[in-house]
Amino acid sequence: MTVAWTEHRFSGGILALDTTNTVVHRCDPARRFDRFDDPAEISRFAEAASIFCRHEIGRPVVVRDAEAIVGMVRSLRESIDALFRAPAQGKPLEAGAMADFLRNCAMAIDGHEELAATAGAPFGTSDGPLRFEAALAVSAVSLLDLANLKRLKVCPNCNWLFLDKSRNSSRLWCDMSVCGNRAKAKRHYRRQREDREVRYEA
Ligand SMILES: [Zn+2]
């Protein structure tokens, strides 16, 4: 079944985190699944990212040969999660994870002269298409910026990583309209059940 790459699936606020969040239930081995199991989904994801990550990248993101890059993309994606989940949980960046991350970034950027980054324009100033793997690496490197590192969070409902861009850093959920409401519904259900149990015991 094809994935509907809706705006919700881009709640991470930055391409690197939205890509990391394509592994669902990452921290639960029994339920974990990868939306990139079908490499064609990488192309469809890039197409949606061209719209939903426009504010970050400013140009279309394309995949030329999904089969050829699926290994590299997954490897980079996993190294992003391995490095940045720690600071999102208030822990320091690990040197080993950083080295692995930078090696993956180097491989993804290598040869993509269409990037042509300039000061203040890390994705380049061209309106032309940028390859997905290069865009992913540049987005991921931007997470090392202190301003971004400080705003990294983990959604307590779905475990997705996201950047809290709210002025007072008070965002709790990756997406209030999905995870916030689910948590509210869960609390409501628990309260009802506790009420019933109390009545039964009485
Ligand atoms: Zn969430």
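Numbers below:
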| read-out | value |
| --- | --- |
| Lys, Arg +1 and Asp, Glu -1 on Cβ, resulting dipole of the chain about Cα centre, debye, nearest 20 | 1220 |
| With Cα atoms, 0 to 90° folded angle of helix 181-201 axis to the chain main axis | 20 |
| Computed helical MRE - 222 nm, the chain, DSSP H runs ≥ 4 contributing -39500 (n - 2.57), nearest 500 | -15000 deg cm²/dmol |
| The chain: relative contact order as a whole-number percent, Cα under 8 Å and 6+ apart | 23 |
| Gyration tensor (Cα) of the range 1-88, equivalent ellipsoid semi-axes in angstrom | 19, 16, 13 |
| Computed FRET value (nearest 0.05) for SER75 with VAL24, which takes r as the C-beta separation and R₀ as 30 Å | 0.95 |
| Degrees, to the nearest 10: 132-141 long Cα axis against longest axis of the chain | 70 |
| For VAL62, distant residues with modelled amide H under 5 Å away | LEU130, ARG131, PHE132 |
| J(HN,Hα) series, the range 5-17, from Karplus relation 6.51 cos²θ - 1.76 cosθ + 1.60, nearest Hz, glycine and proline x | 7, 7, 4, 4, 6, 10, 7, x, x, 7, 3, 4, 6 |
| Residues LEU163, LEU102 arranged by fewest to most Cβ contacts within 10 Å | LEU102, LEU163 |
| Debye-sum result for the chain in log10 I(q)/I(0), which assumes one identical scatterer on each alpha carbon, at q = 0.07, 0.08, 0.10, 0.15 Å⁻¹ | -0.23, -0.30, -0.45, -0.93 |
| Extension gain from THR2 to ASP37, taking 0.36 nm per residue of separation minus the Cα-Cα distance | 11.5 nm |
| Stretchable slack from LEU144 to ALA119, in nm (0.36 nm times residue separation minus alpha-carbon distance) | 7.4 nm |
| Acute angle (nearest 10 degrees) that the helix 40-52 long axis makes with the longest principal axis of the chain, alpha-carbon atoms | 90 |
| ARG54-ARG191 FRET efficiency (beta carbon distance; Förster radius 45 Å; 0.05 resolution) | 0.60 |
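Read-outs: derived from the displayed coordinates by stated rules, not from any lab. As the structure is a prediction and not an experimental result, all values here were calculated from the model. Note that we place each Cβ from the backbone using ideal geometry, even for glycine, and neighbour counts take in every protein chain shown.
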